[in-house]
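Q: What follows is a single structure, and I will ask about it in a moment.
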Amino acid sequence: MTSIGANRRHWNSISRDYQAEHDPQIGAAPRLWGMFSIPDTQLDALGDVAGKRLLELGCGAGQWSGSLAAEGTRVVGLDLSEVQLAAAAERMSNRARFPLVQGAAEHLPFAPASFDVVFCDHGGLSWAPPRLAIPEVARVLRPAGRVVFTVTSPWNEVCYDDSTDRVTAQLRRDYFGLAAASEDADGATSYQLGYGDWIRVLRGAGLVVEDLIEPRPDSGAHSGYLETDPPDWARRWPAEMLWIACKPWPSARTVP
Ligand SMILES: C[S@@+](CC[C@H](N)C(=O)[O-])C[C@H]1O[C@@H](n2cnc3c(N)ncnc32)[C@H](O)[C@@H]1O
């Protein structure tokens, strides 16, 4: 069963409200990561990408790609939802421009080895099955290319209280078996893996894990996405994971 159609309808239907609520936070400054908008300068995750060709996988309204385009970086924004892409097109009308492509992380419409960096911030790697999307990422990366992405952490999922819609200090569901989560009654689905499964999926696609950053917000930092109990929950436990993996050069063949 594919969730592509349901996720496209879901994001088409929520895009307008989502951007009205979240654009002021995620578009407030260049290169902000995650639910607490931590600057890349603090996390050093994407870093220097001058001269590289980048793909944002699930770019939404393009807040991230727009800030990279403004730096002069060659970036392509891909998203499943035409309404999200329309929001990106509208947003760039008085800003730096970059190409937008409609497509699914499960079947990327690009030739092998097209990009030096594939990245997303709670984008296509949260909304497509990682076992399908990560091999696609590996395919479109050039040797020595990197994938850099945030997803929610297993801590967040396991401690989430559905009745109050907040993350708590209690373990409320099993860690083993984290997989697909229903996002609406029409079949929209997001995906979550445990630590070991993420490593196996990345390594299985031939990628080498370079880092797992666990972004820690400053004391008193506000998230427009996450209610927590206690309020400083995300200072005590990691709410997100920021993975960095690299595509190695093919091994050199020894000539007898
Ligand atoms: C939470 S937004 C991430 C965008 C931006 N970083 C933000 O925080 O708003 C998730 C995006 O993933 C897109 N998306 C959902 N399923 C996808 C898929 N299978 N392939 C590519 N993008 C997808 C949605 O349309 C949406 O724009």
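The values are calculated or read from the model by the stated rules, or taken from the named source; none is laboratory data. The structure displayed is predicted, hence computed values, not measured ones. Cβ: placed from backbone, ideal geometry, glycine included. Neighbour counts: every protein chain shown. Please note that ligands, DNA and RNA were not included when accessible areas were found on the heavy atoms of the full protein model with its side chains. Shrake-Rupley method; radii C 1.70, N 1.55, O 1.52, S 1.80 Å.
Q: Restricting attention to the range 224-239, and to residues there that are in a loop (DSSP other than H, G, I, E, B) and without any contact (Cβ under 8 Å) to a residue 60 or more places away in the chain, which single residue is most open to solvent (accessible area, probe 1.4 Å)?
A: Out of the qualifying residues, it is Pro231.
Q: Six or more apart or on different chains, Cβ under 9 Å: which pairs go from a residue in the range 176-192 that's free of Cβ contacts under 8 Å to residues at least 12 places away in the same chain to one that's part of a loop (DSSP other than H, G, I, E, B) and open to solvent by less than 30 Å² (accessible area, probe 1.4 Å)? Could you list them?
A: Gly177/Gly194; Ser182/Ala188
Q: In this structure, does Ser251 turn out to be among the polar types (S, T, N, Q), surrounded by 14 or more Cβ atoms within 10 Å (Cβ to Cβ) and in a loop (DSSP other than H, G, I, E, B)?
A: When the stated conditions are applied, Ser251 does not pass them.
Q: A further question on this structure: How many residues does the range 173-187 hold that are assigned to a loop (DSSP other than H, G, I, E, B) and either under 24 Å from Trp243 (Cα atoms) or in contact with a strand residue (DSSP E or B) (Cβ under 6 Å, 6 or more places away or on another chain) (or both)?
A: Adding up the residues that qualify gives 8.
Q: Residues in the range 141-171 that are in a loop (DSSP other than H, G, I, E, B) and surrounded by 14 or more Cβ atoms within 10 Å (Cβ to Cβ): how many?
A: 3
Q: Would the range 19-39 turn up any residue that is aromatic (Phe, Trp, Tyr), crowded, with 16+ Cβ neighbours inside 10 Å and in a loop (DSSP other than H, G, I, E, B)?
A: Checking the range 19-39: at least one residue is aromatic (Phe, Trp, Tyr), crowded, with 16+ Cβ neighbours inside 10 Å and in a loop (DSSP other than H, G, I, E, B).
Q: Shifting gears a bit: Which of the following residues is within 13 Å of the ligand (Cβ to nearest atom) and open to solvent by 60 Å² or more (accessible area, probe 1.4 Å): Glu106, Glu82, Glu71?
A: Glu82
Q: Further question on the same structure: For the range 109-140, name all the residues that are within 12 Å of the ligand (Cβ to nearest atom), crowded, with 23+ Cβ neighbours inside 10 Å and under 22 Å from Gly66 (Cβ atoms).
A: Val118, Phe119, Cys120, Asp121, Gly123, Gly124, Leu125, Trp127, Val137
Q: Could you run through the range 35-67 and say how many residues are within 10 Å of the ligand (Cβ to nearest atom) and over 16 Å from the mean Cα position of the chain (by Cα)?
A: Summing the residues that are within 10 Å of the ligand (Cβ to nearest atom) and over 16 Å from the mean Cα position of the chain (by Cα) in the range 35-67 gives 0.
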